[in-house]
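Any read-out appearing in this document is the output of simple, stated calculations on the displayed coordinates, not a laboratory observation. Bear in mind the structure is a predicted one, so any value in this text is a computation, not a measurement. All Cβ positions, even for glycine, are placed from backbone atoms using ideal geometry, and neighbour counts span all protein chains on display.
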Amino acid sequence: MATTIDFRKLLRKTPFKPILTHMTIANDCASHILPALEAFIAQDTDTLKELKHTITRLEAEADSQLEEVQSNLPKKVYMPVVREDILDLLQIQESIADRSLDIIGLMVELPLKIPTEMEKPLIRLGKRCIELCESALGIIESLGELALAGFDGPQIEKIKKQISDVIKAETDADGVEKEVTHILFARRKEMDAVEVVFLYQIIQWIDDLADCAEKLAIHSRLFLAK
């Protein structure tokens with residue numbers, strides 16, 4: 001029997017559009033980490049300060065968008081998931097914006113000389129993590145398309161593949177993180193102890209972006225399973 005439901009109208013009653021807006025802002029925050037890393041390695045404090053200003057502004061936009069979605073999220077939504085799952089998804093997205101601000105903040109406050117052999121692996125780590133955030137954004141876009149299709153059809157297989165790709169790529173990012181950390185620990189006796197601690201923190205926070213992307217991918221399965 002043909003359905004008379006207009007899923008395009010239903011979509012306007014669901015939070016997918018503002019969720020996508022929020023994730024786009026969060027991803028934009030993360031995208032600035034690569035030029036920040038390049039400036040950090042070059043000890044370009046002026047560029048770092050400019051990037052901090054940009055990320056701070058974007059993170060504030062993400063906060064505002066998060067508050068708007070939370071405030072206007074209806075008690076009942078036309079989706080095969082519960083309201084709490086949507087709120088949890090938003091918090092994962094918000095973590096990407098928050099962690100990006102943490103990273104740039106520490107880079108600005110603690111300029112230091114990066115060991116030469118660490119430079120390329122560190123840039124590679126940044127690229128992988130940013131790519132993962134971009135892929136996570138793609139999942140959110142696909143979920144919106146899936147809502148238009150009434151949470152049925154070939155779009156489900158597309159999202160499943162996107163989720164699988166993100167999870168696999170996160171494992172690869174972890175491998176790069178271990179490579180960078182190994183170099184840092186090998187050089188620790190030649191470096192100031194405080195610099196080692198804070199550089200290690202920066203590495204971990206960059207890798208956190210990949211972890212957030214993986215969490216978002218895994219959490220997105222809830223939208224397919226219910």
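Helix-only mean residue ellipticity at 222 nm, the chain, DSSP H runs n ≥ 4 weighted -39,500 (n - 2.57), per residue, nearest 500. What is it? Could the numbers behind the result be given before it?
Values: 9 runs with 184 residues, N = 226.
That comes out to -28000 deg cm²/dmol.
In whole percent, what relative contact order does the chain give with Cα contacts below 8 Å and a gap of six or more residues?
On the way: 269 pairs, mean separation 68.1, N = 226.
Taking the mean separation of contacting Cα pairs over the length of the chain, I get 30 percent.
Arrange the peptides 203-213, 101-111, 32-42 so that the one whose residues have, on average, the most other Cβ atoms within 10 Å appears first. Don't jump to the answer; show the numbers that get you there.
Numbers: 203-213: 23.7, 101-111: 18.2, 32-42: 20.1.
With the highest mean Cβ count within 10 Å placed first, the list reads 203-213, 32-42, 101-111.
Could you calculate the contour length gain from R187 to K168, that is, 0.36 nm times the residue separation minus the distance between their Cα atoms, to one decimal place in nm?
On the way: separation 19, 0.36 × 19 = 6.84 nm, distance 2.99 nm.
Result: 3.9 nm gained on full extension.
Kirkwood Rh over Cα pairs of segment 7-225 into Stokes-Einstein at 10 °C, 1.306 mPa s: D in µm²/s? Please report the intermediate quantities before stating the final value.
Numbers: Rh = 18.1 Å.
My calculation gives 88 µm²/s for D.
Just to verify a number: FRET efficiency for V194 and R124, C-beta to C-beta distance, R0 = 35 Å, to 0.05?
Working: r = 26 Å, r/R0 = 0.73.
Between V194 and R124 the formula returns 0.85.
Given the pairs K161/K215; K120/K160; K168/K189; K17/K161; K120/K161, which span a C-alpha to C-alpha distance of over 25 angstrom in this model?
K120/K160; K168/K189; K120/K161
If we sort 120-131, 60-71 on the protection proxy, mean other Cβ atoms within 10 Å, highest first, what's the order?
Values: 120-131: 20.6, 60-71: 16.0.
Taking the mean over residues of other Cβ atoms within 10 Å, the ranking is 120-131, 60-71.
Please state the shape class of segment 174-213: rounded when a/c is under 1.5, otherwise prolate if a/b exceeds b/c and oblate if not, all from the C-alpha gyration tensor.
Values: a/c = 5.54, a/b = 1.80, b/c = 3.07.
Since a/c reaches 1.5 but b/c is at least a/b, the shape of segment 174-213 is classed as oblate.
Using a 7 Å offset from the Cα along the Cα-to-Cβ direction at both K49 and T116, what is the distance between the two label points in nm, to one decimal?
With each label point 7 Å from Cα toward Cβ, the separation is 3.0 nm.
Pick out the long, greasy-scoring helices in the chain: whole DSSP H runs spanning 20 Å or more along their own axis by Cα, mean Kyte-Doolittle at least -0.5.
Values: long enough: 16-31 (22 Å, 0.36); 45-72 (40 Å, -0.98); 83-109 (39 Å, 0.26); 116-148 (50 Å, 0.37); 155-186 (47 Å, -0.30); 193-220 (41 Å, 0.71).
Both cut-offs are met by 16-31, 83-109, 116-148, 155-186, 193-220.
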